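One structure is given below, encoded as structure tokens.
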Amino acid sequence: MAITQAMCTSFKTQLLTGTHNFTNSTGNTFKLALYAVGSGGKSSTTATLGASTTAFTTTGEVASSGSYATGGGTLTNVTPTSSGTTAFTDFADLTFTTATITARGALIYNSSATNAAVAALDFGSDKASTSGSFTIQFPTANASSAIIRIA
């Protein structure tokens, strides 16, 4: 019944077993699904996302609208690199067009690896679009801002 911003614990373990490959041209396919808290989901059950999330789920996912379909959208990876002692990767911004969506958060997951959860994102409040563009803007891909950093 809540969304908590977190790197999923299962993802941390899976990094050590080589489950995830973030390389842009030859890596896995990562997706981002949007979730609602309250009546915005396509089911009557609201999303519960956080560190304990292990895989993509449709529970609490927003309803399909415009270019948003069940499972969300495919992310464009930024090939991992490092700066100083921090390794990082990120994604290009993702836009769903002609969409009527109200979302409170999102889940990044690896659709190439049985929909394994990577990170739960909490938007802090409901974000909405009405027959327009719903854009997920990722931070700058650098050692202090990238969405995935290992320091």
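The values are calculated or read from the model by the stated rules, or taken from the named source; none is laboratory data. The shown structure was predicted, so the numbers you read here are calculated from the model rather than taken from an experiment. Positions of Cβ are generated from backbone atoms using ideal geometry, with glycine treated the same way; all protein chains shown enter the neighbour counts. Just so you know, the surface numbers come from the protein's heavy atoms only, side chains and all, with ligands and any DNA or RNA stripped out. Shrake-Rupley method; radii C 1.70, N 1.55, O 1.52, S 1.80 Å.
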task = Could you look through segment 38-47, keep only residues that are open to solvent by 30 Å² or more (accessible area, probe 1.4 Å) and not small (Gly, Ala, Ser), and pick out the one that is modelled with the lowest pLDDT?
result = LYS42
request  = Would you tally the residues in segment 66-77 being over 14 Å from the mean Cα position of the chain (by Cα) and buried (at least 20 other Cβ atoms within 10 Å of the Cβ)?
outcome  = 0
note = Scanning segment 52-63 residue by residue, the ones that are open to solvent by 20 Å² or more (accessible area, probe 1.4 Å) and within 13 Å of the chain's Cα centre (by Cα) total 4
query = When you look at THR58, is it more than 22 Å from LEU15 (Cα to Cα) and in a strand (DSSP E or B), yes or no?
reply = no
ask   = Among the residues of segment 112-125, is there at least one that is more than 20 Å from PHE30 (Cα to Cα), more than 11 Å from the chain's Cα centre (by Cα) and not hydrophobic (A, V, I, L, M, F, W, C)?
value = yes
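Here's the yes/no breakdown for (1) under 21 Å from THR135 (Cα atoms); (2) at pLDDT below 95:
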site	(1), (2)
SER10	no, no
ASN28	no, no
LEU32	yes, no
ALA36	yes, yes
LEU49	yes, no
PHE56	yes, no
PRO80	no, no
inquiry  = Restricting to segment 126-151, count the residues that are open to solvent by 90 Å² or more (accessible area, probe 1.4 Å), under 27 Å from GLY60 (Cβ atoms) and part of a loop (DSSP other than H, G, I, E, B).
reply    = 1
task = Could you identify the single residue in THR98, THR86 that is among the polar types (S, T, N, Q), over 17 Å from the mean Cα position of the chain (by Cα) and open to solvent by less than 50 Å² (accessible area, probe 1.4 Å)?
result = THR86
key: Residues within segment 101-116 that are outside any strand (DSSP E or B) and buried (at least 16 other Cβ atoms within 10 Å of the Cβ), tallied   = 3
